[in-house]
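Inspection log for the structure reproduced underneath, given as C-alpha cells.
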Amino acid sequence: MSVDPKSADASPAADPDLRASGLRLAYDNRLVVDGLDLAVPPGRITAIVGANACGKSTLLRALARLLAPREGAVHLDGRALQSIPSRELAQRLGILPQSPVAPEGLTVIDLVNRGRSPHQTWWRQWSKADEQAVHQALAATAMTDLADRPVDELSGGQRQRAWIAMAVAQGTPVLLLDEPTTYLDLAHQIDVLDLITDLNRRENRTVVMVLHDLNQACRYADHVVAMKSGRIAAEGPPAEVITAETVADVFDLNCKITMDPVSGTPLVIPMGRHHGADTGQPART
C-alpha cells in the first residue's frame, strides 16, 4: 500500500538537498571525521560503508544534528541544520538510531503515533491526517495486525519494522538509518532492506543508511560512500566503488569481485588466509 501523495503533511517533499561541507567531527579531544564533503543524492538510497571506527555512524549523527560539527556544516535545502527549529527539522528529517529501545509495555501503535509529534502544536492536536498517516505507515510496514502488541514482545525483525513505521508516519523526505539490520537474522535483514527499498521507490524518500554488509550495500544502494579514517575514500554507484582495490584499501581485505547472479551487482568474495589462492592447502570436499 502506498501513501496518498495528497495526504496532509504525510508525504515527503521531492528532492531534498542534504549536504555536508568541510565537516570536522570529534568526541572530546578525539577527532573522528576530518574535512569531509558529501552531497546526498536526492530520492536515492545511499549506503555508508567502512571498517569499524572509521566514522560512519558519527557522520550519520552529524547529518541528523545529533552531533554538532567542530568545523564545517551540514545543510538541508540550503539552510544550516543548526539554524533550523527542532520541530521543523523533525518534519523534514527522520533518524532511526542503532538498537532503539521502547518504554516497557508501549504498543506498536503508540510507538507509531509518536512519529506524528512534530506535526502537532497546541493549536493543532491529533487530526484525521495524523490518523491516516499512522494507519498508512502500519500498512506499508506490514505491522497492522501487530498494532496492539507491546513492542518489547515482538521479534527482532518485527521490532525493527515497528520503528521504521514510526519513521514513515513522521512523513519526512529524508530518512537516516544507522545499521538497520544489526542483530537480525538473514531473513529479517532482507525483509527490512526490502521494506526500505519499497519506501524509497514508492514515496521518493531519500535514504541514507550505515551498513556493514558490502554485498547488501551493493544490492540495495544506488550510491555507496566508502569511508576510511574519517574521510571518504570512494563514492559513487556500487559497481564503481566496490572494487578489489577499494576493499583492500578500506577494509585491509583481499577479495575477488564477481557478479551477483541474482541482482547483477558486485559480489564480494573475501580471501582469508585459509581460502586464498596461495594457501598451498587442498580445498575441502
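The values are calculated or read from the model by the stated rules, or taken from the named source; none is laboratory data. Since the structure is predicted, the reported quantities are computational estimates derived from the model, not experimental observations. Note that we place each Cβ from the backbone using ideal geometry, even for glycine, and neighbour counts take in every protein chain shown. Areas reflect the complete protein model, heavy atoms only, side chains present, ligands, DNA and RNA absent. Shrake-Rupley method; radii C 1.70, N 1.55, O 1.52, S 1.80 Å.
The rows are residues; the columns are (1) assigned to a strand (DSSP E or B); (2) in contact with a Leu (Cβ under 8 Å, 6 or more places away or on another chain).
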{"residue": "ASP15", "(1), (2)": "no, no"}
{"residue": "ARG19", "(1), (2)": "yes, yes"}
{"residue": "LEU25", "(1), (2)": "yes, yes"}
{"residue": "VAL32", "(1), (2)": "yes, yes"}
{"residue": "GLY43", "(1), (2)": "no, no"}
{"residue": "THR46", "(1), (2)": "yes, no"}
{"residue": "VAL49", "(1), (2)": "yes, yes"}
{"residue": "CYS54", "(1), (2)": "no, no"}
Open item on the list: Quick check on region 89-96. Is at least one of its residues in a loop (DSSP other than H, G, I, E, B), within 19 Å of ARG19 (Cα to Cα) and open to solvent by less than 10 Å² (accessible area, probe 1.4 Å)?
Closed with: no
Open item on the list: Among the residues that make up region 131-138, is at least one of them outside any helix (DSSP H, G or I), among the polar types (S, T, N, Q) and either over 25 Å from VAL208 (Cα atoms) or in contact with a Pro (Cβ under 9 Å, 6 or more places away or on another chain) (or both)?
Closed with: no
Task: TYR183 aromatic (Phe, Trp, Tyr) and open to solvent by 40 Å² or more (accessible area, probe 1.4 Å) - done: yes
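Every residue, every condition in (1) closer than 22 Å to GLU203 by Cβ; (2) part of a helix (DSSP H, G or I), yes or no:
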| site | (1), (2) |
| --- | --- |
| ALA162 | yes, yes |
| ALA165 | yes, yes |
| VAL168 | yes, yes |
| LEU176 | yes, no |
| TYR183 | no, no |
Task: Selection from region 97-118 of residues that are outside any loop (DSSP other than H, G, I, E, B) and of a type in the set (Val, Ile, Thr) - done: THR107, VAL108, ILE109, VAL112
Task: Residues that are open to solvent by less than 30 Å² (accessible area, probe 1.4 Å) and either among the aromatic types (Phe, Trp, Tyr) or closer than 22 Å to GLY105 by Cα (or both), drawn from region 164-180 - done: ILE164, ALA165, ALA167, VAL168, ALA169, GLN170
TODO: Could you please find all residues in region 196-215 being open to solvent by 10 Å² or more (accessible area, probe 1.4 Å) and part of a helix (DSSP H, G or I)?
DONE: THR197, ASP198, ASN200, ARG201, ARG202, GLU203, LEU214, ASN215
Open item on the list: Consider region 97-119. How many of its residues are at negative phi and open to solvent by 50 Å² or more (accessible area, probe 1.4 Å)?
Closed with: 8
TODO: Consider LEU38 carefully, then state whether it is open to solvent by less than 60 Å² (accessible area, probe 1.4 Å), in a helix (DSSP H, G or I), touching a residue at least 60 places away in the same chain (Cβ under 8 Å) and not hydroxyl-bearing (Ser, Thr, Tyr).
DONE: no
